[in-house]
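K.L.:
Below is the structure I would like to discuss, written out as structure tokens.
Each reported figure results from applying straightforward, stated rules to the coordinates on display, with no laboratory input. Remember, it's a predicted structure, so these values are computed and weren't measured experimentally. Virtual Cβ from ideal backbone geometry, glycine too; neighbours counted across all protein chains shown.
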Amino acid sequence: MFQKLKKQFSWTLALSVLSLSIVSCSTVESEPTYGITLRDTKEKFSVFEDGSFANDIVEEKDGSVSWVATASNGAGGGVAFYVKSTKEEINIANYESIDIEMDYESIEGKWSADAMNPGFAMRILPWDSTGMFGGYEDLEYFDSEASSGTLKYNIKIPSDFADKIIASSDYDSILGFAVKFNDYQRGNKDGDQIKVQLKNVKFNPKKGAAEDKAFDDGLNDSQRGTVLEINYPTRDYTVDESALTDADRYKKHAWVYLPAGYDASKKDQKYPLIILLHGGGQNENTWGLSNKGRGGKIKGYMDRAMANGDAEKFVLVAATGVASKNWGPNGAGNDINGFHAFKGELRNDLLPYIKANFNIKEGRDNVALAGLSMGGGQTFSIGIKECLDLISNFAGFSAYMFVEDKELISSVEANPEFTGLPIHNLYMICGDHDHIVWDSYPPFVETMKTWNRVENFIDYTYIDGTHDFPVWYKGFNDFIQIVFKNYKSEVEPTPTPSETEVKPTPTTKSKSTTTTKKSTTTKKSTTTKKSTTTKKRTTTTTKKRTTTTTKKRTTTTKKRTTTTTKKRTTTTKKRTTTTTKKRTTTTTKKRTTTTKKRTTTTTKKRTTTTTKKRTSSTKKRTTSTKKSSTKSKKRTSSSTKKSSTKSKKHTTTTRRRD
């Protein structure tokens, strides 16, 4: 009996030891040493590779991520990360701050002696972002206290930061964030490098914050456009045709956006065309249009504007505006001669290829050219000056001009091929803190306002805006809701809106300036809402304006005035209880004054170029507009004053490449 018990005990002990051995050899999932923490859950960082601009990116075993960032004319590099490894979004409105911990050191021999201590930026990437330079809002800029060391910093999320994300992307869902090397006006030279090792990032939720919701932009698949890649044949236009070799002939890459419902087989269903250009040092990828993920920020703008009826459906091509073999592929776009030679490629290769391969409406009235920085300059020096017979709609976003205003006008007026060809729509935008083009912007705008060849001119000053994407995205979104509309032969022109103040995301250079952000961001939130409301009003009014006879136009105008007044009165009442305190009576008066002036200017142009019947109709419309302006004054007088104290100005980093 004893022997049986002994054997049973021995077997039991052996099995227990074996079980312990198996357990001890099993892999146990443990929390990483370093990584990102959300709602008390920590996981390793997930690098957003396509959205990063850095060298030697290494995901360490301990969960940290290291990289080398390089100074690049104000567009210092960095690494982008998803907030979740599943690539799902979170709602930034649910969080109050972000803790960051990282080590850094300047690279020996690759750091300018006159440079300040390294500076960084926490850049938030909305749901429609394609990376750290493809749709973002800068949360805060912060400096280190030495040339190398460990930096631990708590970044406060302003109460209205979610409103900024919504103003830019319609929803507060964010896909990720980026840690960027700030080389903007800090004494760094191009090529300066710094090594960074990101250890921890923690998103701290607000007390009692709701759970993050799955993203939904409200559109279905049938309302979304598609993005294609093309490679069209062209040549090096900096080389004389007689000297061309095989190396000077090549195919060039570009992105094409096709609107929802586009069917290549329906040849009778055609669309207008926009050619979109980049800036110096950039390429066709700069605007972030892509066939990956959600397609980029501007794709979201186009999808939503077309689905809502705020924009006409059109085809868009994002191309590289360098007409030489130095274009790339995916090149840096620094060939100035290639920039100036783009006329040949645009006229002889790109436009013919697009029209031959896609369902594009005929005629210059159905073509637009737009660009940022140097691409904006090409819009004027090539589009207006040299290709006005092909294009009648133009937009320059922080345009770096290659031609003086007076020279542009005299050149166009002297060209017999351009006789009688109007510019249907011309849009310009610039930030008043843009140290590259701002000095030349106001006088250029004033000249364009008086040019009688321009039928519909709109300009916009982005308060505190620099030479950067927040300004350019704003401009793009404005332009697509204006272009291919407002033709004098089809509809009554919309009065040019007065310049509306919109402030970009405030930034800080050190902890000591953090306290100034609240007043700054509050101002932007208020003015952004004004801008949005103005757009909706303009769009709604424009839709109602299309008529066929003078009598119908007069009747429609009266109805529109009554309807718009009622809507505006209702809107004003609602605002009184929520946002009236933030509105400025002075700003509204300026708008009214500006509207009067521009209406008068527009009327004069119309009088000199249209028939007597239109002249009569114009007077009626002008009278109706003045009545609307008078009602606007009355409505304005009921608004209360807001604080006019201007918050401390901050520096926004730029993606400058010109």
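K.L.:
Please work out the ratio of the alpha-carbon Rg of region 428-467 to 2.2 N^0.38 Å and round it to two decimals.
P.N.:
Values: Rg = 10.8 Å, N = 40, 2.2 N^0.38 = 8.9 Å.
Region 428-467 yields a ratio of 1.21.
K.L.:
What list of ³J(HN,Hα) couplings, whole Hz, do you get for region 258-275 from phi and the Karplus terms 6.51, -1.76, 1.60, once you set θ to phi - 60° and write x for glycine and proline?
P.N.:
10, x, 4, x, 5, 10, 4, 6, 8, 5, 8, 9, 10, 9, x, 10, 10, 9
K.L.:
Suppose the chain between Asn220 and Gln185 were pulled fully straight at 0.36 nm per residue; how much longer would it get relative to their current alpha carbon spacing? Don't skip to the end; give the middle numbers.
P.N.:
Details: separation 35, 0.36 × 35 = 12.60 nm, distance 4.43 nm.
The span from Asn220 to Gln185 would gain 8.2 nm if fully extended.
K.L.:
Let me ask another. Treating only the Cβ of Lys, Arg, Asp and Glu as charged (+1, +1, -1, -1), what charge dipole size does region 35-205 show about its Cα centre? Round to the nearest 20 debye. Before the final figure, lay out the partial values.
P.N.:
Working: 17 positive and 30 negative charges, 48 e Å.
Dipole about the Cα centre, nearest 20: 220 debye.
K.L.:
Something else: Which trypsin sites (Lys or Arg not before Pro) does region 265-309 hold that lie in a coil by DSSP with at most 14 other beta carbons within 10 Å?
P.N.:
On the way: sites: Lys266, Lys267, Lys270, Lys292, Arg294, Lys297, Lys299, Arg304; in loops: Lys266, Lys267, Lys270, Lys292, Arg294.
When the trypsin sites (Lys or Arg not before Pro) of region 265-309 are filtered for loop state and at most 14 Cβ neighbours within 10 Å, Lys266, Lys267, Lys292 remain.
K.L.:
If you don't mind, another one. Can you tell me the FRET efficiency between Asn326 and Asn291 if r is taken as the Cβ-Cβ distance and R0 is 45 Å, rounded to the nearest 0.05? Let's see the in-between values first.
P.N.:
Working: r = 26 Å, r/R0 = 0.57.
My answer for the efficiency is 0.95.
K.L.:
Pop the C-beta distance of Asp56 and Asn452 into the FRET formula with R0 = 51 Å and round what comes out to the nearest 0.05. Mind showing how you got there, number by number?
P.N.:
Values: r = 57 Å, r/R0 = 1.12.
That gives a FRET efficiency of 0.35.
K.L.:
Quick one: which of Lys270/Lys297; Lys313/Lys343; Lys84/Lys325; Lys195/Lys343; Lys266/Lys292; Lys343/Lys474 span more than 32 angstrom between C-alpha atoms?
P.N.:
Values: Lys270/Lys297 25 Å; Lys313/Lys343 26 Å; Lys84/Lys325 41 Å; Lys195/Lys343 42 Å; Lys266/Lys292 26 Å; Lys343/Lys474 27 Å.
Checking Cα-Cα distances, Lys84/Lys325; Lys195/Lys343 exceed 32 Å.
K.L.:
I've got another one for you. With a 10 Å Cβ neighbour count serving as the proxy for reagent exposure, in which order, fewest first, do Glu89, Glu108, Glu229 appear? Before the final figure, lay out each step's value.
P.N.:
Details: Glu89 22, Glu108 7, Glu229 11.
Going from sparsest to densest Cβ surroundings: Glu108, Glu229, Glu89.
K.L.:
Which of Thr419, Thr33 comes first, and how do the rest follow, when ranked by fewest Cβ neighbours within 10 Å?
P.N.:
Numbers: Thr419 8, Thr33 14.
Going from least to most buried by this count: Thr419, Thr33.
K.L.:
Binned at 10 Å from 0, what are the whole-percent values of the Cα-Cα distance distribution for region 35-205, short to long?
P.N.:
Over region 35-205, the share of Cα pairs per 10 Å bin runs 11, 41, 36, 12, 1 percent.
K.L.:
So if each residue of separation counts as 0.36 nm, and I subtract the Cα-Cα distance between Glu88 and Glu241, what length gain in nm does that give?
P.N.:
Extra length from Glu88 to Glu241 when fully extended: 49.9 nm.
K.L.:
In terms of modelled amide H atoms, which long-range or inter-chain residues lie less than 5 Å from the amide H of Lys361?
P.N.:
Under 5 Å from the amide H of Lys361 lie the amide H atoms of Tyr271, each far enough along the sequence or on another chain.
K.L.:
Taking the alpha-carbon distance from Lys385 and a cut-off under 19 Å, which aspartates and glutamates remain once sequence neighbours fewer than 8 residues away in the same chain are dropped?
P.N.:
Once the sequence-local aspartates and glutamates are set aside, what remains near Lys385 is Glu345, Asp349, Asp365, Glu404, Asp405, Glu407, Glu413, Glu417, Glu446, Glu455.
K.L.:
By how many nm would the segment from Ser112 to Lys213 lengthen if fully extended, with 0.36 nm per residue of separation less the alpha-carbon distance? Walk me through the intermediate numbers first.
P.N.:
Values: separation 101, 0.36 × 101 = 36.36 nm, distance 4.59 nm.
So the chain would gain 31.8 nm between Ser112 and Lys213.
K.L.:
Points 7 angstrom from Cα along the Cβ direction at Thr41 and Arg347: gap in nanometres?
P.N.:
Calculated label separation equals 6.0 nm.
K.L.:
OK, next. Which order results if Leu125, Leu198, Leu277, Leu151 are arranged by neighbouring Cβ count within 10 Å, fewest first? Mind dumping the intermediate values first?
P.N.:
Working: Leu125 28, Leu198 25, Leu277 33, Leu151 19.
Least to most surrounded, the residues fall as Leu151, Leu198, Leu125, Leu277.
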